[in-house]
Structure formats: C-alpha cells, structure tokens
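The values are calculated or read from the model by the stated rules, or taken from the named source; none is laboratory data. This one's a predicted model, so the numbers in the text were calculated from it and none came from an experiment. Reconstructed Cβ throughout: ideal geometry from the backbone, glycine too, with neighbour counts over all protein chains shown. The area values use the complete protein model at the heavy-atom level, side chains included, leaving out ligands, DNA and RNA. Shrake-Rupley method; radii C 1.70, N 1.55, O 1.52, S 1.80 Å.
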Amino acid sequence: MSPVPRAKLLSRAILAGTSVYLAGQVVHTVLNTNRWPFCTFNMFAYHKRDQALQMRVRLFMDDGETVGPTDPWSLLPLEFFRVVSVLERVFHAQDDVEVRDRFCRQALERLNRRGWRAWDEVKPAFRAGPGRRFVAMELYFVEVDFRTCSPFDRTEVTSAELVHRYDPAGVVAGQSAEVLWRFVEALAEPLAEEAEKKSEKKEAGHAA
C-alpha cells in the first residue's frame, strides 16, 4: 500500500478539526449555552477580560419610588448593545451638560408617553406603573469583576461613579440616604501578579 500524500493528510486533518468544531457549535446552539470558544450564536463568541466597565441607570418617579440601579438597556427601543453605544456617545465621549440633560429629558418623555415590548435583542421599556411618571434619572459608570460580582445582582460592583444626574424637579434631593451598591473586592489579575513576582526576582538578582 502506497503512503498517503502529505497534502491529503493535511486536508483530512483540517476537515476533521472543522467537523469537530462545528459539532461543538451545534451542541451549544441547541442547548443555548456559552463555553468559550463556543457560543449560542458564534458570531458573538470572543474572549472577555475578567474586569470591565459597565453602565447602570436609576430612575425616579413623581411619587418618590425608584427603579434600579440596573442595566440601561430599557431606556430606548433599540437593541441593548446599541443602547450602550448611544449612552457612551452621550455620557462618555463628551461632557456637554446640555446634551446630557436633553437626552435624559427626551428618554423619560418617551418612557412616559408610550412604552414598548421586548423583541429579539430589544429589551422591554421601563414602566412607572399606572398613574405614575418618571421625572428624574441618574447614570453611573461601574466596574465589575466577573469572578466575584454576581451576574444576577446588578448592584454588586467593585466601584461606582455617578456620571450624570437629571433632576429638574429636585426629587432626588428629597430621597432618603440608602446603600445603592454592594461593593465586592476584585481579584488580582494573574498577569499583574506574575509580572510583579518576576520584577521582584529580578531586583533580588541584581541585589545579590
């Protein structure tokens, strides 16, 4: 029997590897699970750092009740990732207070006038409830550590910073003091620890 040419072996290896990958992707799609590098929708599969900067919003109603702090995805009738992009442009890329206030006013007016239902990647609108209206809002930038912060508790963060407050009626000032966040300690980055150890060893070697 003549040996199999190298080109055929290579093509067979590529075909086998691709088949295994596609089989794993199909399994994760059917089970609706994510395990990198597989993803429910493989177009969104990517490696994420352990720590990230996110946004949280807090809404105030005319009767003093509040919603949040929670994810801001329900502020606009857009896909949730587009909502984040819009907020980054308004509250991070520039610091014009008038632009920020105008955005908050129009967003609250839209929520009060008519909400919307969830559809595909669009989250349902925030709802104040019968006879109530949203009158103020706060936007925060928070840092989370995916290893220590619960994905089910959006108030559990490693740090939080108030970026903007829209409060034309002065309702926020009348709110009683309360603990908004549950701060947890972030785990040290493994690479940073390793670099620090190498630096210490290097310094010790020079000293010797």
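How many residues are on the phi > 0 side of the Ramachandran plot and under 21 Å from the mean Cα position of the chain (by Cα) when one looks only at the range 63-102?
Residues in the range 63-102 being on the phi > 0 side of the Ramachandran plot and under 21 Å from the mean Cα position of the chain (by Cα): 1 in total.
Looking for whichever is part of a loop (DSSP other than H, G, I, E, B), at negative phi, surrounded by 14 or more Cβ atoms within 10 Å (Cβ to Cβ) and of a type in the set (A, V, I, L, M) here; the options are Val172, Val163, Val135. Which one fits?
Result of the check over Val172, Val163, Val135: Val172.
Here are Pro130, Pro151: which of them is closer than 13 Å to Gln54 by Cβ and exposed (fewer than 11 other Cβ atoms within 10 Å of the Cβ)?
Pro151
What are the residues in the range 94-109 that are modelled with pLDDT of 90 or more, over 16 Å from Phe80 (Cβ atoms) and either open to solvent by less than 80 Å² (accessible area, probe 1.4 Å) or not charged (D, E, K, R) (or both), if any?
Result: Asp96, Val97, Val99, Arg100, Asp101, Phe103, Cys104, Gln106, Leu108.
Would you point out the residue of the range 46-66, among those that are surrounded by fewer than 18 Cβ atoms within 10 Å (Cβ to Cβ) and touching a helix residue (DSSP H, G or I) at 6+ places or on another chain (Cβ under 9 Å), that is farthest from Ala169 (Cα to Cα)?
Once the filter is applied, the top-ranked residue is Asp50.
Going by the structure shown, is Pro77 in contact (Cβ under 8 Å) with a residue 60 or more places away in the chain and surrounded by 15 or more Cβ atoms within 10 Å (Cβ to Cβ)?
no
When you check Glu189 against the structure, is it within 26 Å of Pro69 (Cβ to Cβ), of a type in the set (Asp, Glu) and either open to solvent by less than 50 Å² (accessible area, probe 1.4 Å) or modelled with pLDDT under 85 (or both), yes or no?
In short, yes.
Output the qualifying pairs, or none if there are none: Cβ atoms under 7 angstrom, residues six or more apart or on different chains, first residue in the range 12-27 and touching a residue at least 12 places away in the same chain (Cβ under 8 Å) and open to solvent by 60 Å² or more (accessible area, probe 1.4 Å), second residue of a type in the set (S, T, N, Q) and not in a helix (DSSP H, G or I).
Pairs found: none.
Restricting to the range 101-132, count the residues that are free of Cβ contacts under 8 Å to residues at least 24 places away in the same chain and either outside any loop (DSSP other than H, G, I, E, B) or aliphatic (A, V, I, L, M) (or both).
So the answer is 8.
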